[in-house]
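Accompanying notes for the structure given below.
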Amino acid sequence: MSLGALTQNLSLFRGLLNPETALLAVVKANAYGHGLELVAKACLAEGVTMLGVHSAEEVTALRKAGVRLPILVMGYLTAAQVDQVVDRDVHVLASSSEVLDALAARARRLGVRLPVHVKVDTGTHRQGLDPAEAGGFAAAAKRMGLEVAGVATHFANIEDTTDHTYAFLQLERFRNAVAAVEASVGRVRWVHAACSAAALLFREADFSMVRIGISLYGHWPSKETYLSWLLAHGRDGVKLQPALAWRARVGQLRPVPRGAPIGYGLTYRPTRDTTLAVLPVGYADGYPRALSNRARVLVHGRPAPVVGRVCMDIVLADVTDIPGVVEGDVATLIGADGEERVSAEELAELAGTINYEILARLSPALPRIAAE
Ligand SMILES: Cc1ncc(COP(=O)(O)O)c(C=O)c1O
């Protein structure tokens, strides 16, 4: 995991955003597969304002790692979890009276005012309050002794299209909800709506904070977002740098005669005598089985086709055309080797998914190494 790439992506956002807009780094799903602790510590060093997580377990992991940054919990918490993990610097995104009750009880026990962010559903129809309920909910939170520290929403389809009519409709609803909340409880410190795509494309969505996930790690959220940028600017002005490389060592070299069936299901028969590199990783580590007979890995800077089925913990790659490969050599499953690069986007396309899923499903058990 390249700390330099993270830093570069962060400073790229700092250059794009309104100067007064703070940055929340979304580090859920093990920091999109990059390693929660590594990324959180890098964010701390880079002066990120807040970390965004999904679950109570992630709060516990961060605090255990000694990360004292404010954390925003964006997912569901039970009352018991509120009681276990919420401290003065844990902000909770709330849209239910149960969560307010649990926070108020926790605040009384700790003898502090706890920060809550009002979650407004402006059109995703997933989580959050109807905009018309936001003011009343904020007033109730204040009456219960909580600090209404934020108001937030999330876009529904900003990455899926170059037509952002719906996103702007959501923004309009959000502005109204923020006005209602501020009318009922006064000025709110953290107003936030933008994910990576919005932060890349629209200054209108900056408010006082943005929540950046995928692009912090150096990836465009989608082709449509990239195209939207090009349509708006007429040029490629954003150089996101992928932070993650996934490498494995060649565990074994296996000569296989022409025509011999390879792997489970006998799905591949080489048309010539072949040398296979046996890589000790598989779908249990997050390398999708859908990549069987489709993807490539890089060895000595050259592409080696993945052949046969991807197994639970083995991938086979054809290295016949790559001279000098020996056991113990490094194979790159994601990332650059010499002039070549296998991107998360390439694997996502081949596996019928999105770059987010390729990254987020990398097994937390794989060792993460910080690189410059
Ligand atoms: C509520 C919320 N905010 C922000 C993000 C970050 O989105 P992105 O990774 O597209 O920047 C996510 C990611 O799923 C999210 O759920």
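Counting only residues at least eight positions apart within a chain, or on another chain, the lysines with an alpha carbon under 28 Å from that of LYS64 are LYS28, LYS41, LYS119. The charge dipole of the chain, taken about its Cα centre with unit charges on the Cβ atoms of Lys, Arg (+1), Asp and Glu (-1) only, comes to about 600 debye. Applying Stokes-Einstein at 4 °C and 1.567 mPa s to the Kirkwood radius of region 1-131, computed over alpha-carbon pairs, gives a translational diffusion coefficient of 83 µm² s⁻¹. Helices assigned as whole DSSP H runs in the chain whose Cα atoms extend at least 24 Å along their own long axis and whose mean Kyte-Doolittle hydropathy is -1.0 or higher are found at 165-185. Overall shape: oblate for region 246-360, with the ratio a/c of the largest to smallest alpha carbon gyration tensor axis at 1.5 or above and b/c at least equal to a/b.
With the whole protein complex present, TYR268 retains an accessible surface near 70 Å², based on a 1.4 Å probe. Summing +1 for each Lys or Arg and -1 for each Asp or Glu among the other residues whose beta-carbon sits under 9 angstrom from that of SER196 gives 0. On full extension, the segment bounded by GLU98 and ALA260 gains 52.2 nm, given 0.36 nm per residue less the C-alpha separation. As a rough guide to protection, the peptides 220-231, 11-22 ranked by mean Cβ packing within 10 Å, highest first, stand as 220-231, 11-22. Split the accessible area of region 331-372 by element, probe 1.4 Å, and carbon with sulfur accounts for 54%. For the residues MET209, MET1, a 1.4 Å probe over the protein chains yields an accessible-area ranking, largest first, of MET1, MET209. Taking a quarter of the surface of the Cα convex hull of region 116-224 gives a mean projected area of 6.6 nm².
Reported to two decimal places, what Rg/Rh ratio describes the chain when computed on Cα atoms with Rh from the Kirkwood expression?
Radius of gyration over Kirkwood radius for the chain works out to 1.04.
Placing unit charges on the Cβ atoms of the charged side chains and taking the dipole of region 246-360 about its Cα centre, the candidate lying farthest along the positive direction among ILE262, ALA304, VAL326 is ILE262. The H on the amide N of ALA331, modeled in the peptide plane, is under 5 Å from the matching H of ALA248, ARG249, VAL250, each at least 5 residues off or on a different chain. Here's the picture: charge each Lys and Arg Cβ at +1 and each Asp and Glu Cβ at -1 in the chain, and of ASN355, ALA179, ALA370 the one pushed furthest to the positive end of that dipole is ALA370.
Within the shell defined by Cβ-Cβ distances under 12 Å, the residues around VAL319 carry a net charge of -1, with Lys and Arg each +1 and Asp and Glu each -1. Of all lysines in the structure, the ones whose alpha carbon falls short of 21 Å from that of LYS223, not counting any fewer than 8 places away in one chain, are LYS239. For the peptides 25-37, 98-110, the ranking by mean Cβ contacts within 10 Å, running from highest to lowest, is 25-37, 98-110. If we count every other residue with Cβ under 14 angstrom of ASP130's Cβ, Lys/Arg +1 and Asp/Glu -1, where does the sum land? The answer is +1. Restricting everything to alpha-carbon atoms, can you work out Rg to Rh for region 53-195 with a Kirkwood hydrodynamic radius? Taking Rg over the Kirkwood Rh, I get 0.98. Counting protein heavy atoms only, region 3-233 has 53 percent of its accessible area on carbon and sulfur, 1.4 angstrom probe. Accessible surface area normalised per residue over the chain is 44 Å², counting heavy atoms of protein chains with a 1.4 Å rolling probe.
The values are calculated or read from the model by the stated rules, or taken from the named source; none is laboratory data. If you're wondering where the values come from, they're calculated on a predicted model, not measured in any experiment. Quick reminder, even Gly has a Cβ in these numbers, built from the backbone with ideal geometry, and neighbours come from all protein chains shown. Accessible surface areas use protein heavy atoms only, side chains included; no ligands, DNA or RNA. Shrake-Rupley method; radii C 1.70, N 1.55, O 1.52, S 1.80 Å.
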